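One structure is given below, encoded as structure tokens.
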There are 2 protein chains.
Amino acid sequence: MALRPVSRRSVPDEVFEQLLGEMVGGALAADEPLPSERRLAEVLGVSRPAVREAIQRMAQAGLVDVRHGDATMVRDFRRRAGLDLLPRLLLPGGQLDLAVARSVLEARLHIGPKIAELAAQRGGRDTAAALDDTVKAMAGTEDPIVLQHRALDYWDLVVDGADSIVFRMMFNGLRLAYQPAIEALATVMAPEVGNLEAYRTLANAIRAADSPAARDAAEELLRPATAQMLAAIDMLQEDR
Amino acid sequence: MALRPVSRRSVPDEVFEQLLGEMVGGALAADEPLPSERRLAEVLGVSRPAVREAIQRMAQAGLVDVRHGDATMVRDFRRRAGLDLLPRLLLPGGQLDLAVARSVLEARLHIGPKIAELAAQRGGRDTAAALDDTVKAMAGTEDPIVLQHRALDYWDLVVDGADSIVFRMMFNGLRLAYQPAIEALATVMAPEVGNLEAYRTLANAIRAADSPAARDAAEELLRPATAQMLAAIDMLQEDR
DNA sequence: AAGAACTACTGGTCTTACCACTTGACGTCT
DNA sequence: AGACGTCAAGTGGTAAGACCAGTAGTTCTT
């Protein structure tokens, strides 16, 4: 029996989700006006403040433009949204979007080595020591789910060492997309997160402040699983 | 006379801004509870729905965790925030944060060539043709402000050509940080946005589907101004 | 000492009313 | 005919107050 916490969606949550669904699904096209708050409240059977909260959140995410006195306009989420929207695009309606998944993999493989390089330049021994501890923790388990979480901790430390706020934020965004899928990815990620030697090599390169070596080590660590998953995506896409 | 649109911050805007300021400034530390909605409404002299809207927006941005029945907790924005927070970190209180600026430059130089490479693989002639048009438009002006906007249009097309949603979202985030500073950067960016030949070279590489050439061309285009600005930041940081 | 019930918070939601802004239609001057 | 006010309708912005629904700590009961 696999019990999971019940998801208690609040009313504004629900409204937000529905509106976003309409947008991603294409029913609410860009540059078209959203129905008025009162209208939405009536149609959805909720209060106007609830609708407002949802709409304000959409505005915060850049999905709509709200102008006092005029109708609020839907914007092209592809052009305005930040990485925080990634989880919803990756799994729209529970189904994995292959194009988005490919994009995430590409980005991961491109960003990871750079972060490792910066960490080698700036992180120093403190980062390396913390990484050693994490690798030790990884050695204590075989469970690929736990291993993935530990690997995320590991990268979190590398990102700290890189000391570059933009890469930190990019990492945050990618992690948010990755986490919901962690269980589904247990099998494909097992070879990567089980490759402790690669994690140690990277930690040592960072300790030695050898940024080219760190770069290569990170690529060595990330490439195999990335290549495998990209190949799988290619096959799936051809099937259709 | 340089008239500018008056900024009409709504009450929730103002509340959001104040809370964020306290967080970035350190007065509201991570893992500490926020005052209750009623208390905040009272202290700030606004209605509770207004406070709620602000807090919901913070939750949307990952800055706080709100749990029904318990106090809402402040989270470490460095660890949770996405790129959408970048503009506020870059110019906290009107003053440029040099470390953040350095980080933006690093990211730009690392992401740009990769996007160009992908655009060469996937964009094809359509992308190249659109780029040609944009370069023509750039040739029609000397104003560095206008040129920067055109250059953004140019990159926007390249990103479209790259057809990778994650890089698109990263670009969106960087652009949002860049745009408010566009006037202040007129002088330092002038050499880059005035280098039309570099933009043409990149467009041609994309047309030829020559991804290594596109990569190099993008780097060639971005590196000079990046290096100059990084050097300037180094000097400013040493002064202190 | 362990458990159940209670209490005092917290956020969640709704209703109602009114303010402020934008737009476009209409009328009025020039 | 054109330019300029005026006004009405619709939109988002804000407030106040009431009540529902969770959480956590205290107190009472056993």
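Residues checked against (1) away from DNA strand C (no atom under 16 Å from the Cβ); (2) of a type in the set (A, V, I, L, M, F, W, C); (3) in contact with a helix residue (DSSP H, G or I) (Cβ under 6 Å, 6 or more places away or on another chain):
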residue	(1), (2), (3)
A:41	no, yes, yes
A:48	no, no, yes
A:55	no, yes, no
A:73	no, yes, no
A:87	yes, no, yes
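Within segment A:29-45, residues that are in the same structural domain as residue A:18 (by TED's automatic domain parsing) sit with their Cβ atoms under 8 Å from residues that are of a type in the set (S, T, N, Q) and within 7 Å of DNA strand D (Cβ to nearest atom), at 6+ positions apart or across chains, in these pairs: A:33/A:72; A:34/A:72. The single residue among B:32, B:37 that is surrounded by 17 or more Cβ atoms within 10 Å (Cβ to Cβ) and of a type in the set (Asp, Glu) turns out to be B:37.
Among the conditions (1) open to solvent by 10 Å² or more (accessible area, probe 1.4 Å); (2) in contact with a Phe, Trp or Tyr (Cβ under 8 Å, 6 or more places away or on another chain), the only one that residue A:67 does not satisfy is (2).
Remark: residue B:118 matches the filter, which requires a residue to be buried (at least 22 other Cβ atoms within 10 Å of the Cβ) and modelled with pLDDT of 95 or more.
All conditions in (1) within 14 Å of the chain's Cα centre (by Cα); (2) within 13 Å of chain B (Cβ to nearest Cβ) hold for residue A:182, with the sole exception of (2).
Conditions tested, residue by residue: (1) within 14 Å of another protein chain (Cβ to nearest Cβ); (2) open to solvent by 60 Å² or more (accessible area, probe 1.4 Å).
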site	(1), (2)
A:122	yes, yes
A:136	no, yes
A:163	yes, yes
A:170	yes, no
A:203	no, no
A:222	no, no
A:227	no, no
A:236	no, yes
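I need the full set of residues from segment A:185-225 which are touching a helix residue (DSSP H, G or I) at 6+ places or on another chain (Cβ under 6 Å) and polar (S, T, N, Q), in order please. Hits for segment A:185-225 are A:201, A:211. Please determine, by comparing only the residues of segment A:44-78 that are facing chain B (nearest Cβ under 7 Å) and outside any loop (DSSP other than H, G, I, E, B), which one is farthest from DNA strand D (Cβ to nearest atom). Only one residue fits best here, namely A:78. Restricting attention to segment A:151-158, does a residue exist that is more than 8 Å from chain B (Cβ to nearest Cβ), buried (at least 21 other Cβ atoms within 10 Å of the Cβ) and over 19 Å from residue A:213 (Cα atoms)? The answer is yes; a qualifying residue exists. Taking segment B:6-36 as the range and being away from chain A (no Cβ under 12 Å) and assigned to a helix (DSSP H, G or I) as the test, the residues that pass are B:14, B:17, B:18, B:19, B:21, B:22, B:23, B:25. Listed by first and then second residue, the pairs linking a residue in segment A:80-101 that is within 11 Å of chain B (Cβ to nearest Cβ) and open to solvent by less than 10 Å² (accessible area, probe 1.4 Å) to a residue that is of a type in the set (D, E, K, R) and not in a helix (DSSP H, G or I), with Cβ atoms under 9 Å apart and 6 or more places separating them unless they lie on different chains, are A:81/A:75. Among helices (runs of 4 or more DSSP H) entirely within segment A:97-210, having at least 2 residues that are over 17 Å from residue B:170 (Cα atoms) singles out A:98-122, A:124-139, A:144-162, A:186-193, A:196-207.
Against the conditions (1) under 23 Å from residue B:84 (Cα atoms); (2) open to solvent by less than 30 Å² (accessible area, probe 1.4 Å); (3) over 24 Å from the mean Cα position of the chain (by Cα), residue A:20 satisfies every one except (3).
When residue A:35 is tested against (1) within 14 Å of DNA strand C (Cβ to nearest atom); (2) over 30 Å from residue A:101 (Cα atoms), exactly one condition is not met: (1).
The values are calculated or read from the model by the stated rules, or taken from the named source; none is laboratory data. Remember, it's a predicted structure, so these values are computed and weren't measured experimentally. Cβ: placed from backbone, ideal geometry, glycine included. Neighbour counts: every protein chain shown. Keep in mind that these areas ignore ligands, DNA and RNA; they rest on the heavy atoms of the full protein, side chains included. Shrake-Rupley method; radii C 1.70, N 1.55, O 1.52, S 1.80 Å.
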